[in-house]
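**Student:** Attaching a single structure in structure tokens format; questions to follow.
The values are calculated or read from the model by the stated rules, or taken from the named source; none is laboratory data. Just so it is clear, the structure is predicted and the values come from calculations on it, not from any experiment. Glycine gets a Cβ as well: all are built from the backbone with ideal geometry, and neighbour counts include every protein chain shown. We work out accessible area using only protein heavy atoms, side chains counted, and drop any ligands, DNA or RNA first. Shrake-Rupley method; radii C 1.70, N 1.55, O 1.52, S 1.80 Å.
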Amino acid sequence: MSKHYDEVIIIGGSIAGLASAIALSPFASRVTILEASSYESFHDAEAGAAVQLSDNGLKALQFLSADLLQKVFHHAVDVQKNYMVLPSGNELYDTITPLPPQGTRTLMMRWGMLRKLLFEAIPKDSFRIEFNTLVKDFTAGILTAVRQDGEERYPISDRTLLVAADGSKSAFRPTPLQYSPRLNVKAAISFSNFPSHFESHATYSYLGNPEVACFLGPAGPHHYYWAISLATENPEAVNLSIDQLIARLTSPETKIWRELLQATPPHKVFFQPSGQADIPEEMVHGNVVLVGDAAHCMSGSYGQSACLALEDAVTLATGPLLHYTPQRRQRCLDLQAASQQRATQAVNVKSDAPQTMSDWIYQWDVPTACPRENSNGPYAVIG
Ligand SMILES: Cc1cc2nc3c(=O)[nH]c(=O)nc-3n(C[C@H](O)[C@H](O)[C@H](O)COP(=O)(O)OP(=O)(O)OC[C@H]3O[C@@H](n4cnc5c(N)ncnc54)[C@H](O)[C@@H]3O)c2cc1C
């Protein structure tokens, strides 16, 4: 960032918004986050299911704070094996993930824990966060938000930077979210609630059925993460009950996911329609910049949403705003195309031929325009 702002106002305090608060705090006299959800929901380290952090995301975290990265390592699990179950003959095979330095590293942890650690890492001297504050409009230099006690108006001068980190349904992105005909259902469940033979450093994918794809992996040292992707043209499917969902899992290979569903407390299960939006030609308009899912929402079969959000925040801090769109857009377009292709492949797996790894996805370097004092070399050294 080449400019110093009086204030950075961030709309949305999730992964992209919190990472932006850390990254931009050296460039603003004040940093404010306006967040729609409540204080209580926000501070739950067991909120959400799990996020995947690969090399690119880890490098971004390293830039934000070496101490933060250490805490992430503590609460995450390194994935060391990927098992796949094919419906033809229920064949199981193992693709061992190459580990650093030759290969890539993938960590998995609770989503709520990552959010908590990011929040704690924000320098607090000139920072504030307003909960229960739903931003609804930004016109004629006035940002309007709805709060329990009425509307709040924030006049925005050209010495304020507005960071739109309000997620996939962003009010700031010109292109709407388009739902795809798949429903994602996911949750995390503690090992004690679901004792099983699953290896704690491995992921398990059940693929090849166009109706349903299932995934299980670690969500930190004490939890499994499970996800079911269900083909459905029915927009009402988000209202499926757990029993209705179980009834859709009919093939023998999905037995374990039926058991997982039964063992997971219903209020911990998320029903999330899958969708994506066209990535806008420009991610910066005047003093408004889009980050995270607000900028590039994609049906994430590479599980890269959190990593991309972290990359965005770091890119903002390391160069002028003018460079942000050129540095981010093509990478996000490439990843969106690759995700779409992979989603198609995932339901068409016919043989046990090894999957090709798309290494380019994980290859990302912190832009070098503005190196930071706490950026002390490759993350693997301190991991
Ligand atoms: C509660 C929750 C749980 C999640 N769990 C998982 C998970 O387990 N695994 C996973 O891979 N991804 C999960 N995600 C999504 C994941 O965080 C994103 O896909 C990715 O990390 C990019 O993050 P983001 O900050 O851009 O968007 P999001 O994480 O979607 O965050 C957007 C934030 O903006 C706030 N917001 C939205 N609109 C407004 C508004 N108008 N005014 C003020 N605030 C607003 C929301 O409350 C939210 O905090 C979850 C998101 C949420 C909100």
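**Student:** Those residues that are in a loop (DSSP other than H, G, I, E, B), small (Gly, Ala, Ser) and modelled with pLDDT of 95 or more, I need them from the stretch 286-307; list them, please. Break it down into steps so the answer makes sense when it comes.
**Tutor:** Taking the stretch 286-307 and keeping what is in a loop (DSSP other than H, G, I, E, B), we get 286-287, 291, 295-304.
With small (Gly, Ala, Ser) added as a condition, the list becomes 286, 295, 299-301, 303.
Hit for the stretch 286-307 is ALA295, nothing else.
**Student:** Give the stretch 103-143 a look and list any residue that's over 29 Å from GLY303 (Cα atoms) and of a type in the set (Val, Ile, Thr), or say none.
**Tutor:** The answer is THR139, ILE142.
**Student:** Moving on to the next point. Of these, ALA21, ALA45, which one is open to solvent by 10 Å² or more (accessible area, probe 1.4 Å), within 17 Å of the chain's Cα centre (by Cα), under 17 Å from PHE119 (Cβ atoms) and more than 10 Å from the ligand (Cβ to nearest atom)? Show your work before the answer.
**Tutor:** Numbers: ALA21 fails: open to solvent by 10 Å² or more (accessible area, probe 1.4 Å).
When all the criteria are applied, what remains is ALA45.
**Student:** Checking ILE246 against (1) among the β-branched types (Val, Ile, Thr); (2) farther than 29 Å from LEU58 by Cβ; (3) within 11 Å of the ligand (Cβ to nearest atom): exactly one of these is not met. Which one?
**Tutor:** Unmet condition: (3).
**Student:** Quickly run through the stretch 273-313 and pick out the residues that are away from the ligand (no atom under 14 Å from the Cβ) and more than 18 Å from ILE11 (Cβ to Cβ).
**Tutor:** Within the stretch 273-313, ASP278, GLU281 qualify.
**Student:** Among the residues of the stretch 1-48, which ones are under 19 Å from ALA187 (Cβ atoms) and in contact with a helix residue (DSSP H, G or I) (Cβ under 6 Å, 6 or more places away or on another chain)?
**Tutor:** Within the stretch 1-48, ILE15, ASP44, ALA45, GLU46, ALA47, GLY48 meet the criteria.
**Student:** Filter the stretch 48-78 down to the residues that are in a loop (DSSP other than H, G, I, E, B) and under 17 Å from the mean Cα position of the chain (by Cα), then identify the one that is farthest from the ligand (Cβ to nearest atom). Even if it seems obvious, please write down each step before you answer.
**Tutor:** At the first step, the residues of the stretch 48-78 found to be in a loop (DSSP other than H, G, I, E, B) are 48-49, 65, 76.
Of the ones still in play, those that are also under 17 Å from the mean Cα position of the chain (by Cα) are 48-49, 76.
Numbers: GLY48: 3, ALA49: 3, ALA76: 13 Å.
Ranking the candidates gives ALA76 first.
**Student:** Do we have PHE63 as crowded, with 21+ Cβ neighbours inside 10 Å, at pLDDT 90 or above and aromatic (Phe, Trp, Tyr) here?
**Tutor:** Criteria met by PHE63.
**Student:** When you scan the stretch 230-241, do you find a residue that is within 19 Å of ALA50 (Cα to Cα) and either modelled with pLDDT of 90 or more or in the same structural domain as LEU117 (by TED's automatic domain parsing) (or both), even just one? Lay out the reasoning, then the answer.
**Tutor:** Keep residues of the stretch 230-241 that are within 19 Å of ALA50 (Cα to Cα), which gives 230.
Still in the running and either modelled with pLDDT of 90 or more or in the same structural domain as LEU117 (by TED's automatic domain parsing) (or both): none.
No, every residue in the stretch 230-241 fails to be within 19 Å of ALA50 (Cα to Cα) and either modelled with pLDDT of 90 or more or in the same structural domain as LEU117 (by TED's automatic domain parsing) (or both).
**Student:** Now a separate question. Find the residue count for the stretch 290-315, including only residues that are aliphatic (A, V, I, L, M), in contact (Cβ under 8 Å) with a residue 60 or more places away in the chain and either open to solvent by 10 Å² or more (accessible area, probe 1.4 Å) or in contact with a helix residue (DSSP H, G or I) (Cβ under 6 Å, 6 or more places away or on another chain) (or both).
**Tutor:** 6
**Student:** Looking for whichever is away from the ligand (no atom under 16 Å from the Cβ) and without any contact (Cβ under 8 Å) to a residue 40 or more places away in the chain here; the options are GLU152, GLU211, GLU199, GLU233. Which one fits? Show your work before the answer.
**Tutor:** Working: GLU152 fails: away from the ligand (no atom under 16 Å from the Cβ); GLU199 fails: without any contact (Cβ under 8 Å) to a residue 40 or more places away in the chain; GLU233 fails: without any contact (Cβ under 8 Å) to a residue 40 or more places away in the chain.
Exactly one residue qualifies, and that residue is GLU211.
**Student:** What are the pairs, 6+ residues apart or on separate chains, where a residue within the stretch 116-143 that is of a type in the set (D, E, K, R) has its Cβ under 6 Å from a residue that is open to solvent by 30 Å² or more (accessible area, probe 1.4 Å)?
**Tutor:** Going by the 6 Å Cβ cut-off, the qualifying pairs are LYS136/VAL146.
**Student:** If I ask for residues that are more than 10 Å from the ligand (Cβ to nearest atom) and either β-branched (Val, Ile, Thr) or in a helix (DSSP H, G or I) (or both), which ones from the stretch 24-42 would you list? Explain how you work it out, then say what you get.
**Tutor:** First, the residues of the stretch 24-42 that are more than 10 Å from the ligand (Cβ to nearest atom): 24-32, 39-40.
Listed by number, the residues that qualify are LEU24, SER25, PRO26, PHE27, VAL31, THR32, TYR39, GLU40.
**Student:** Can you find, within the stretch 24-42, the residue that is surrounded by the fewest Cβ atoms within 10 Å (Cβ to Cβ) among those that are of a type in the set (A, V, I, L, M, F, W, C) and out of contact with any Ser or Thr (no Cβ under 6 Å at 6 or more places or on another chain)?
**Tutor:** So the first thing to find is which residues in the stretch 24-42 are of a type in the set (A, V, I, L, M, F, W, C), and the list is 24, 27-28, 31, 33-34, 36, 42.
Filter once more, so that each one left must be out of contact with any Ser or Thr (no Cβ under 6 Å at 6 or more places or on another chain): 24, 27-28, 33, 36, 42.
Values: LEU24: 20, PHE27: 17, ALA28: 22, ILE33: 25, ALA36: 19, PHE42: 19.
Across the stretch 24-42, the extreme among qualifying residues is PHE27.
**Student:** If ILE129 satisfies every condition in (1) away from the ligand (no atom under 11 Å from the Cβ); (2) assigned to a strand (DSSP E or B); (3) open to solvent by 30 Å² or more (accessible area, probe 1.4 Å); (4) not aromatic (Phe, Trp, Tyr) but one, which is the exception?
**Tutor:** For ILE129, the exception is condition (1).
**Student:** Quick one: would you say LEU143 is assigned to a strand (DSSP E or B), buried (at least 19 other Cβ atoms within 10 Å of the Cβ) and within 14 Å of the ligand (Cβ to nearest atom)? Reasoning before the result, please.
**Tutor:** Numbers: assigned to a strand (DSSP E or B): yes; buried (at least 19 other Cβ atoms within 10 Å of the Cβ): yes; within 14 Å of the ligand (Cβ to nearest atom): yes.
Yes.
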